[in-house]
1. Conditions first: (1) modelled with pLDDT under 95; (2) farther than 30 Å from residue 334 by Cα. Residue 270 passes all but one, so which condition is the exception?
2. Can you work out which of the residues in the range 312-321 that are part of a helix (DSSP H, G or I) and surrounded by fewer than 24 Cβ atoms within 10 Å (Cβ to Cβ) is nearest to the chain's Cα centre (by Cα)?
3. Regarding residue 397, is this residue part of a loop (DSSP other than H, G, I, E, B) and surrounded by fewer than 21 Cβ atoms within 10 Å (Cβ to Cβ)?
4. Quick check on this structure: which one of 294, 265, 236, 227 is exposed (fewer than 15 other Cβ atoms within 10 Å of the Cβ) and touching a strand residue (DSSP E or B) at 6+ places or on another chain (Cβ under 7 Å)?
5. Looking at the structure I just gave you, is residue 76 exposed (fewer than 13 other Cβ atoms within 10 Å of the Cβ), at pLDDT 95 or above and over 28 Å from residue 8 (Cα atoms)?
């Protein structure tokens, strides 16, 4: 008779937790997983996937407008927010059922309850007040939207979670934040005809991204009618008979039907019982782990956004896979966090991999910079005044490509292939020796020859 009820108990049914559970079960481990909300986690249920569906919807306005340049006459158009949300909900329900089916097929026992730690090898299902033991416990509870409770009237704001379930499309929206989520939802709402304002505490959107992309997006959003207020924050929000009024730190007042906070996400560690067991956490509540995802308690591990490392779904999935291979498969490996590609599904889209120019300089590299700024071929007939930007950051000494950055249509699709090249250590000569696909935007990555020099 075994000492524990399960070999592995996973707390959290998001992409990382589900991957770990399935891989571990595939090695013959007895695995249980607890999820209090819906299987799929933030990415599938109220994050990347539904957001991308809304991004697609928001871009049809451009397509209708651009069609005239190609000889099409588009008649009267009408958008139905309710119909979009219903269609989105059906797809999310389908995906959740796929997650459930895959777990069940793998032999994972699913508990639809909130779980908390009851000891180094025990969890309590709060819905049943039942304690279950496991040799190993994996915490994969992700993160949740942050609301600044210091703002008077913060109870009137919505977060990205709420945005997916609005009963009606607002006529005016103000979004606080300048990261992925704020920028993406600004593009979504503006594309759907909503009067959109972004309020950001910094000088430019998307801190941490390459400066050329940040500048390019600011320019593009201004042309799309998105009002961007920088160096400002909300300090008071009041509800009036006509909607909401937000008072900003710079003295500006904004009227809106909805005010959305997208000012960051905090690790989901509340009410997990971490302190009872002695699991070490950081200042933001993030669980501290070593290179093998193990906490200071040998039987307890953590992966994904709850650790506040690289907060991206594909990274959480790889961490879950690495954990299962290492602990249950006898094939130890660690996630490589260098050259992680990422995309911002703004319109126009941003994608990047590797070091920005500023980060490369800060790391001590002497650089060769290659840039290309051009009008996409589609825009020549449509007349749309929007430019694509491509940039290569190259180590002058070794000619190794340190970073690839792009703003423009299909940036995410293109950067995935560039990431492979960077992961393999490609040099500028390798890019130059690659035959271009013509006519395409991507060919610019292999045809840039002249080094950029500051004007």
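The values are calculated or read from the model by the stated rules, or taken from the named source; none is laboratory data. What you see is a predicted model; the values in this text were computed from it and never measured. Every residue, glycine as well, gets a Cβ built from its backbone with ideal geometry; the counts of neighbours run over all protein chains shown.
1. Status for residue 270: all satisfied but (2).
2. 313
3. yes
4. 236
5. Details: exposed (fewer than 13 other Cβ atoms within 10 Å of the Cβ): yes; at pLDDT 95 or above: no; over 28 Å from residue 8 (Cα atoms): yes.
No.
Here's the yes/no breakdown for (1) touching a strand residue (DSSP E or B) at 6+ places or on another chain (Cβ under 6 Å); (2) in the same structural domain as residue 174 (by TED's automatic domain parsing); (3) not in a loop (DSSP other than H, G, I, E, B):
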residue: 98; (1), (2), (3): no, no, yes
residue: 101; (1), (2), (3): no, no, yes
residue: 107; (1), (2), (3): no, no, no
residue: 110; (1), (2), (3): yes, no, yes
residue: 116; (1), (2), (3): yes, no, yes
residue: 132; (1), (2), (3): yes, no, yes
residue: 137; (1), (2), (3): yes, no, yes
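This table checks each residue for (1) farther than 30 Å from residue 403 by Cα; (2) part of a loop (DSSP other than H, G, I, E, B).
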position: 204; (1), (2): no, yes
position: 209; (1), (2): no, yes
position: 212; (1), (2): no, no
position: 231; (1), (2): no, yes
position: 254; (1), (2): yes, no
position: 266; (1), (2): no, no
position: 284; (1), (2): no, yes
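For (1) in the same structural domain as residue 71 (by TED's automatic domain parsing); (2) part of a loop (DSSP other than H, G, I, E, B); (3) touching a strand residue (DSSP E or B) at 6+ places or on another chain (Cβ under 7 Å), each residue gets a yes or a no:
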| residue | (1), (2), (3) |
| --- | --- |
| 368 | no, no, yes |
| 402 | no, no, yes |
| 413 | no, no, no |
| 417 | no, no, no |
| 441 | no, yes, yes |
